[in-house]
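**Student:** The structure under discussion is supplied below as structure tokens; questions concerning it will follow.
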Amino acid sequence: MTKFLYIATDTAHKPVTGTTDLTDRAAVIAALKKQGLRPISIKEASSVNVGFNFSKLLTTKHVKTDHLVIMTRQLSAMVSAGVPLIRALTSLEQHTESPALKKILTGVISDVEGGSALGDALNKYPDTFNDVYVNMVRAGEAAGILDDILKRLAVQQEKNATIRKKVRSAMAYPTVLIFITVLAFFGLMLFVIPQIGKILTDLGGPDAELPAITLFMLGISSVITNFWFIIFPLIGGAIYGFLRYIKTPRGKELFHRAILKIPGIRTIIKKLAVARFARTFSALLGAGVAVLECLAVTARSVGNVVYEKALLEAATEVKNGKALSAVIGDNPIFPPIVAQMLAVGEETGQTDVVLVKVAEFYEEEVDVAIEGLSSIIEPAMIVVMGGMVGLIAASVMSPIAGLAQNIR
């Protein structure tokens, strides 16, 4: 039998939810009206509670950035055109291609229909709508400019997604090369070098004197071959332990401080953090969020613990009456141009506009830095792989040349 999920309000405008086994929607509406309830939403629930649903097993809980950006832009367009919020959200829920986003929007619609503000409804899904998103929506609702805020959010998400894609694409090739290099090394040590050692022993006899480089390679191969069942678990455990450790507060801070000291990478990390700070702070400030709250939210979204602590300390000093530009200028992790532009923004009252320019400048700098790092890493990895192959070739050819000389 078909079941219906319904949401209605009573005479005191309080939300009432439940299920019923009535035959169709008209019967549900009539039954609710007899009870003095006003129907708001009625949906079939038969597919929810009949046996095992394999579609749920295949559905991912993660909402892709592209789907979120599209939803934000469409919601902004509909709100700007005067479409009621509930109707706009319902339309998005019906037409989205993301099952995870559809499920989330269903919950958001239910909360908004029950009287919650949109920002409060979105706040229940922090994995999809982060602090920046929620706080900007709340500010837009309070100021009556939700459509403009949603446009800003969409632009910000697109910029962040573009930077992430560029960083990932720049690191993809070196990562593949490193993986291939490690795989090739262990493959040679386990299968090739032992066979070469056997051939050399057969040719020169058990008492043959082999070059030091050959003995070194045969020693490594022997250790790996005889103790692989210990070495591989140790390597796997070390990697797992490291990944777990850097997720702890202490480990994350040490890791973030360490990568800020690596030549080449630290330049990208610093420019990326400054770009995120400038764009996020600008978006929140332009939405009407208070400066202290802007700093607190931006600190959590900048992506580096060192910068997060610096921004939280800056919020404390700003609370004590110090200008933000002066606080940022005193901290060496921020480039001087950031403090200078902040000072200009504070003088003109256009801090959000000025910071957008800073964000655009550093986003371009990130692109240039990534391209430069990629141009260095790729040939370096090729040299490493070539050196490994050359070392193995030398360890093989040297004893063969020596045996040939002895034969002569």
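Any read-out appearing in this document is the output of simple, stated calculations on the displayed coordinates, not a laboratory observation. Note that the structure is predicted; figures quoted are calculated from it, not measured. Backbone-built Cβ (ideal geometry, glycine too); neighbour counts: all protein chains shown.
**Student:** With the Cα gyration tensor of the chain giving a ≥ b ≥ c as the square roots of its eigenvalues, does the rule (a/c under 1.5 for rounded; else a/b larger than b/c for prolate; else oblate) give rounded, prolate or oblate? Display every interim value, and only then the final one.
**Tutor:** Values: a/c = 3.45, a/b = 1.69, b/c = 2.04.
In terms of gyration-tensor shape, oblate.
**Student:** With axes computed from alpha carbons, what is the tilt in degrees of helix 85-95 against the longest principal axis of the chain, rounded to the nearest 10 within 0 to 90?
**Tutor:** 40 degrees
**Student:** Given DSSP loops and a limit of at most 12 other Cβ atoms within 10 Å, what is the longest stretch of the chain that contains no such GluC sites (Glu not before Pro)? Provide the component values of the computation, followed by the final result.
**Tutor:** On the way: sites that count: Glu97, Glu209.
My reading of the result: 210-408 is the longest stretch.
**Student:** Out of Thr65, Leu215, Thr106, whose Cα points farthest toward the positive end of the dipole of the chain (charges: +1 Lys, Arg; -1 Asp, Glu; placed on Cβ)?
**Tutor:** Thr106
**Student:** On full extension of the chain, what length is gained from Ile337 through Ser80, given 0.36 nm per residue of separation minus the C-alpha to C-alpha distance?
**Tutor:** Result: 88.9 nm gained on full extension.
**Student:** Measure nothing fancy, just the Cα-based angle from helix 336-348's long axis to the longest principal axis of the chain, in degrees from 0 to 90, nearest 10.
**Tutor:** Once rounded, one gets 10 degrees.
**Student:** Test of understanding: ordering Ser398, Ser375 by Cβ neighbours within 10 Å, fewest first, what list do you get? Let's see the in-between values first.
**Tutor:** Values: Ser398 15, Ser375 11.
With the fewest neighbours first, Ser398, Ser375 line up as Ser375, Ser398.
**Student:** May I ask for the angle, rounded to the nearest 10°, between helix 228-245 and the longest principal axis of the chain, with both axes built from Cα atoms and the value confined to 0 to 90°?
**Tutor:** That works out to roughly 40 degrees.
**Student:** Based solely on its DSSP helices, what 222 nm [θ] is calculated for the chain when runs of n ≥ 4 H residues each add -39,500 (n - 2.57) and the sum is averaged over all residues, nearest 500 deg cm²/dmol? Let's see the in-between values first.
**Tutor:** Details: 18 runs with 298 residues, N = 408.
For the chain, the value works out to -24500 deg cm²/dmol.
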